[in-house]
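The values are calculated or read from the model by the stated rules, or taken from the named source; none is laboratory data. Given the structure is predicted, the values throughout are model-derived calculations rather than measurements. All Cβ positions, glycine included, derive from the backbone under ideal geometry; neighbour counts span all protein chains shown. SASA here: full protein model, heavy atoms, side chains in, ligands and nucleic acids out. Shrake-Rupley method; radii C 1.70, N 1.55, O 1.52, S 1.80 Å.
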Amino acid sequence: MGRAKEIIVKVIPSKIANDFVKKNHYSGKVVPNSNLHFGCFLDNQLHGVMSYESPTSKARVLGLVQPCLWNEMLELNRMAFDDYLPKYSESRCIAISIKLIKKNAPHIKWILSFSDANLCGDGTIYRASG
């Protein structure tokens, strides 16, 4: 895992997260409803961002994980990393962010995310994060 173990993941303000996402996410767009942002730091510099929110399409996703109340689910809607971070950084950062969510918001029971197989892979980093 190398230097990936040295990455520090912590909550950051939306302004900083959104600026980073606009610059480094393949879409160049942020999700305006995101309200929880984690920054991934290595060598005291921000090199990655993960943005969470309540899922945007309540009717479509609640049925996937019954029984589930609306406030028991978050969606990882943006993840952007620059090329500075080492191999395995994405899955490690996702795992750390989930641990932080479980610790600080124990009512969250589900985290939803999507991967775009045409542009960004097939979800391997999600499976590797546990």
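A few notes on this one:
- Taking the chain and dividing mean pair separation by its residue count, relative contact order in percent (alpha carbons under 8 Å, at least six apart): 25
- Simple spin-label estimate for ASN44 and GLN66 in nanometres, 7 Å along Cα-Cβ: 5.4
- Using only the C-alpha atoms, the convex hull of the chain corresponds to 112 Å³ per residue.
- Choice from PHE114, PHE38, PHE81 with maximal GNM fluctuation in the chain (Cα, 10 Å cutoff): PHE114
- Amide H partners (placed H, <5 Å) of LYS109, local residues excluded: MET73
- Computed on the Cα trace of region 1-57, the radius of gyration divided by the Kirkwood hydrodynamic radius gives Rg/Rh = 1.00.
- In Å², nearest 10: area of ASP82 left accessible to a 1.4 Å probe: 40
- When trypsin sites (Lys or Arg not before Pro) are flagged only if DSSP places them in a loop and at most 13 other Cβ atoms lie within 10 Å, the longest unflagged stretch of the chain comes out as 30-86.
- Residues TRP70, TRP110, sorted by accessible area with the largest first, give TRP110, TRP70 [1.4 Å probe; ligands and nucleic acids excluded].
- Between ILE108 and THR56, the distance separating the two model label sites (each 7 Å from Cα on the Cα→Cβ line) works out to 1.9 nm.
- Nearest-0.05 FRET efficiency for TYR84 and SER27, computed from C-beta distance (R0 22 Å): 0.60
- Stretching ARG3 away from ASP19 to a fully extended chain increases their span by 3.2 nm, per 0.36 nm per residue minus the current alpha-carbon distance.
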